[in-house]
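Rule-based calculations on the coordinates, nothing more; no lab input. These numbers come from a predicted model, not from an experiment. Please note: Cβ atoms are built from the backbone with ideal geometry, for glycine as well, and neighbour counts cover all protein chains shown.
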Amino acid sequence: MTVDRCIAMGIRIAITLALIMVTMDIEQVGAQATAVSGSGGNPSGRIETDHPVSGLTEQRNGFYLRAGVNIDQSSKTRFGDDDCLSVFPAALYGCGKGIDGSPLGSTGDFGTMTGGELGIGYAATPLLRFEALLQYRPGFTYQGNANFVQTTGDQEVTAELSSVSGMMAAYLDLPGFGPFRPFLGSGGGLNVVDIEDTHMTFPNTNTIVPSGRHVDFAVMMTAGFATTLWANMTLDVGWRYTDSGFVATGVDTGRVIWRDGRRDPLELELAETRAKLSSHGLLLSLRYTF
């Protein structure tokens, strides 16, 4: 089982436990209401609870705006041909095993990604919020190594990228303790990722793979806590896992350049290559409730 699958399974278990907790809390509130009505509405006849008074301002229903910054660490990934048998345009890697025994391709990651986001949401109940959010990650770098069998020595692969995603999300605000209120969330939408020319550096040549843009479905899961800073302002601190779909290079003309200049550059019509983009990391945001 991969690390990403373990993370996803852990969040599903947490959400299930949270729903059980909320159900129990609702049942307790119902029992207290029954006790109060049975006392004829006399406050002296109400049953006192053992729950301490929370220092967190009660969640207000209504619209809110949220602005945040995030820092994510990408998961390990692999660039490979979309169709390793493609002849025209030509597959970059081809089929078969590489020098390391794994399928031909480039293995690496997208490093650390930072970005910002804006969201507009609506708190439908004290427990449930809905939100539309837009996230922008202005620049991050793929770094990896290819495994061509006919090449010995370093096979470094690098590319610069940026992405924009739009999602619809739902958040479950759990009962608070002290000044903190835990929350769980999940959402989905579309991610647009742009990749600049990919540079593949070999001992004798440099290969340039054309840039591309790809739109794919994206999902996210998050968990964290909120705390009230003042009147209508709340600080959210959360951990988030995001599956942003695939990154894809362009179907266009690439070039092979001899580093010593002994030959003119060779142009190649290259087919698409792609890699999975997923990450997890910290999100800090401020939420203003109207």
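Starting from the Cα gyration tensor of segment 199-290, take the square roots of the eigenvalues, sort them a ≥ b ≥ c, and report rounded, prolate or oblate (rounded when a/c is under 1.5, otherwise prolate if a/b is larger than b/c, else oblate). Note, shape of segment 199-290 comes out prolate. Residues whose amide H comes within less than 5 Å of that of Ser86, counting only those at least five positions distant or on another chain, are Ala91 (H built at 1.01 Å from N in the peptide plane).
To the nearest Å, what is the center-to-center distance of segment 150-167 and segment 262-290, using C-alpha atoms only? Taking the Cα centre of each part, segment 150-167 and segment 262-290 sit 8 Å apart.
What the phi angles of segment 88-96 give under the Karplus curve with 6.51, -1.76 and 1.60, with θ = phi - 60°, is a coupling list of 9, x, 7, 5, 6, 9, x, 8, x Hz, glycine and proline written as x. Remark on Glu272: its backbone amide H falls under 5 Å from those of Asp82, a criterion applied only to residues 5 or more positions apart or on other chains, H modelled at 1.01 Å from N.
Rounded to whole Hz and in sequence order, give me ³J(HN,Hα) for segment 221-233 from the Karplus expression 6.51 cos²θ - 1.76 cosθ + 1.60, θ = phi - 60°, writing x for Gly and Pro. Along segment 221-233, the couplings run 9, 9, 8, x, 9, 10, 9, 6, 8, 7, 2, 9, 10 Hz. Remark: Asp173, Asp82 ranked as Asp82, Asp173, counting other beta-carbon atoms within 10 Å and listing the fewest first. Amide H contacts under 5 Å for Gly98: Leu104, restricted to partners 5 or more places along the chain or on a different chain, H placed in the peptide plane at 1.01 Å from N. For segment 73-180, just say rounded, prolate or oblate: build the C-alpha gyration tensor, square-root its eigenvalues into a ≥ b ≥ c, call rounded for a/c under 1.5, and beyond that prolate if a/b exceeds b/c, oblate if not. Since a/c reaches 1.5 and a/b is larger than b/c, the shape of segment 73-180 is classed as prolate.
Normalised by residue number, the volume inside the convex hull of the Cα atoms of segment 52-289 is 125 Å³ per residue.
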